[in-house]
Amino acid sequence: MSRRDAGRAGAGRVMWRVYNTIQFAFTLAWTAGWITLALLLRPFSGPQARLPLRMAARCWAPGLLWGAGARLRVEGLERVDWSKPCLFVANHQSVIDICALFRAIPVPLRFLLKEEMKRVPFVGWYARATGMLFIVRDNARAGAMFRREAAALLARGHRLCLFPEGTRSRNGEVAPFKAGSLQAAIDAGVAVVPVALHGAGRVLPVDGFFRVRPGTIRVRFGTPLPVRDEGRPVARQALAERAQAQVVAMLRELQ
């Protein structure tokens, strides 16, 4: 590489750092502003917190996707009966996955979050105020409590989304789904809907500090999986394997 090319490459990296710093500042301000408004309106939105949840889908998430230069493509909406509660299970590539799912799913949605998120200003406050679920990872007792809470939430007619890999993928590969995370759907008798997320890891990679790059994020909904077969509950390990296999197959189609 010539000295001139090296200089251009260095200048390009500096420009990206400046651009990402501006994006990060926008993300913080946008999130704080919309969550503050959502919390102020929370007392007037009833026990289901429908208004704050829809604000996330129609205002907060689209703004952050726009700020990241991300274009969203949603496929397979017709496969899901949106009048019924269900458990969405998605692969996990990036923190921007939550924005994409909030925007893609046309009904109020709650997420399962790690316990540490409770202590994050604004985000933790919003999550608790809107009835999100939390879990202490790698804790058997906490897992059992989560399954009871999640089953009750689904039985009341709500929709819940979780990432059954347990963590974000660093290489794009989909790790095996943890079967215990799907037990709540079996207990509540609601379908499991596999969701494939493609491109989020390139828009906002796991490694590095807020290295955003414009790109397309595709969200594809799979065929809902019943949790009963001839009146008997489906084994949760088999259910997890079917959901994971469907997500992997959809990701291959999206590549």
Task: Filter result for residue 131 (under 18 Å from the mean Cα position of the chain (by Cα), over 30 Å from residue 21 (Cβ atoms) and crowded, with 21+ Cβ neighbours inside 10 Å) - done: no
Task: Single unsatisfied condition, residue 146 versus (1) over 17 Å from the mean Cα position of the chain (by Cα); (2) modelled with pLDDT of 90 or more; (3) aromatic (Phe, Trp, Tyr) - done: (2)
Task: Checking residue 70 against (1) over 15 Å from the mean Cα position of the chain (by Cα); (2) surrounded by 21 or more Cβ atoms within 10 Å (Cβ to Cβ); (3) farther than 23 Å from residue 206 by Cβ, the condition it does not meet - done: (3)
Open item on the list: Return the residues of region 187-216 that are buried (at least 21 other Cβ atoms within 10 Å of the Cβ) and within 17 Å of residue 88 (Cβ to Cβ); say none if nothing qualifies.
Closed with: 188, 190, 192, 193, 194, 195, 196, 197, 198, 200
- [ ] Go through (1) assigned to a helix (DSSP H, G or I); (2) surrounded by fewer than 12 Cβ atoms within 10 Å (Cβ to Cβ); (3) modelled with pLDDT under 95 and name the single condition residue 29 misses.
- [x] (3)
Open item on the list: If I ask for residues that are buried (at least 19 other Cβ atoms within 10 Å of the Cβ) and among the β-branched types (Val, Ile, Thr), which ones from region 73-96 would you list?
Closed with: 80, 89, 96
- [ ] Restricting attention to region 150-188, report how many residues are at pLDDT 85 or above, of a type outside the set (A, V, I, L, M, F, W, C) and in contact with a helix residue (DSSP H, G or I) (Cβ under 8 Å, 6 or more places away or on another chain).
- [x] 7
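Quick one: is residue 116 surrounded by fewer than 15 Cβ atoms within 10 Å (Cβ to Cβ) and either charged (D, E, K, R) or assigned to a strand (DSSP E or B) (or both)?
Details: surrounded by fewer than 15 Cβ atoms within 10 Å (Cβ to Cβ): yes; either charged (D, E, K, R) or assigned to a strand (DSSP E or B) (or both): yes.
It is true that residue 116 is surrounded by fewer than 15 Cβ atoms within 10 Å (Cβ to Cβ) and either charged (D, E, K, R) or assigned to a strand (DSSP E or B) (or both).
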Open item on the list: So, in region 225-248, exactly how many residues are under 20 Å from the mean Cα position of the chain (by Cα) and free of Cβ contacts under 8 Å to residues at least 12 places away in the same chain?
Closed with: 1
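Per-residue answers, yes or no, for (1) among the β-branched types (Val, Ile, Thr); (2) free of Cβ contacts under 8 Å to residues at least 60 places away in the same chain; (3) assigned to a loop (DSSP other than H, G, I, E, B); (4) within 19 Å of residue 217 (Cα to Cα):
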{"site": "34", "(1), (2), (3), (4)": "no, yes, no, no"}
{"site": "38", "(1), (2), (3), (4)": "no, no, no, no"}
{"site": "41", "(1), (2), (3), (4)": "no, yes, no, no"}
{"site": "48", "(1), (2), (3), (4)": "no, no, yes, no"}
{"site": "51", "(1), (2), (3), (4)": "no, yes, no, no"}
{"site": "55", "(1), (2), (3), (4)": "no, yes, no, no"}
{"site": "59", "(1), (2), (3), (4)": "no, yes, no, yes"}
{"site": "65", "(1), (2), (3), (4)": "no, no, no, yes"}
{"site": "74", "(1), (2), (3), (4)": "yes, no, no, yes"}
TODO: Evaluate region 93-108: report whether one residue or more is under 16 Å from the mean Cα position of the chain (by Cα) and part of a strand (DSSP E or B).
DONE: no
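For residue 220, are the conditions met, namely being surrounded by 13 or more Cβ atoms within 10 Å (Cβ to Cβ), assigned to a loop (DSSP other than H, G, I, E, B) and on the phi < 0 side of the Ramachandran plot? Step through it out loud before you land on a result.
On the way: surrounded by 13 or more Cβ atoms within 10 Å (Cβ to Cβ): yes; assigned to a loop (DSSP other than H, G, I, E, B): no; on the phi < 0 side of the Ramachandran plot: yes.
Against the criterion (surrounded by 13 or more Cβ atoms within 10 Å (Cβ to Cβ), assigned to a loop (DSSP other than H, G, I, E, B) and on the phi < 0 side of the Ramachandran plot), residue 220 does not qualify.
The values are calculated or read from the model by the stated rules, or taken from the named source; none is laboratory data. Small disclaimer: the values here were computed from a predicted structure and weren't measured. Cβ sites come from the backbone with ideal geometry, for glycine too, and all protein chains shown count toward neighbours.
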